[in-house]
Amino acid sequence: QVYLRESGGGSVQPEGSLKLSCEVSGLNFRLHKMNWYRQTPGNQREWVASISTEHIADYIPSVTGRFTISRDNDRRTFYLQMNSLNPADTGAYFCATVREGTLYWGKGTLVTVAT
């Protein structure tokens, strides 16, 4: 069974920073693309960023230049460094990966950006 566990959420003021982590078990971590999603209030869950096995990163346009996804294969963990946060970034953040055609999710971590 594949397990993902997020950490690092919290409350921050606008223009602040947070770094999310996702620990993964149950698969060969270095062979899988890793993803971050989020669900902001009143909206559907959306893809935010991904990092390939070759460490190639992709981002939704609204976070490009502010968020950085990275991975540490030895620690079986990947990260989302979030800078210049604004209230529109408030929501639940989920990490996810696919193994053998099945999408696995973590339970999420909450990010609140407010004064």
* Any chance you could get the radius of gyration and Dmax over the Cα atoms of the chain, in Å? => 13.4, 43
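Nearest 5 is fine: what % of DSSP beta bridges in the chain come out antiparallel, could you say?
On the way: 38 of 41 bridges.
So the antiparallel bridges in the chain amount to around 95 percent.
Below 13 angstrom from the Cβ of W105, what's the summed charge of the other residues (Lys, Arg +1; Asp, Glu -1)? Before the final figure, lay out each step's value.
Details: positive: R5, R38, R45, R99, K107; negative: E6.
My count for the surroundings of W105 gives +4.
Net charge near D72, counting Lys/Arg +1 and Asp/Glu -1 over other residues with Cβ under 14 Å of its Cβ?
On the way: positive: K19, R30, R71, R75, R76; negative: E23, D74.
Residues close to D72 contribute a combined charge of +3.
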* Once you mark the trypsin sites (Lys or Arg not before Pro) that are in a DSSP loop and have at most 14 other Cβ atoms within 10 Å, what is the longest gap between them in the chain? -> 1-74
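Take E54, E6, E100 and sort them by solvent-accessible surface of the protein heavy atoms, 1.4 Å probe, largest at the top.
Working: E54 130, E6 25, E100 165 Å².
Heavy-atom accessible area, descending, gives E100, E54, E6.
The values are calculated or read from the model by the stated rules, or taken from the named source; none is laboratory data. Owing to the predicted nature of the structure, the values given are computational and were not obtained by experimental measurement. Glycine gets a Cβ as well: all are built from the backbone with ideal geometry, and neighbour counts include every protein chain shown. Note: accessible area is taken over every heavy atom of the protein model, side chains too, but ligands, DNA and RNA are not part of it. Shrake-Rupley method; radii C 1.70, N 1.55, O 1.52, S 1.80 Å.
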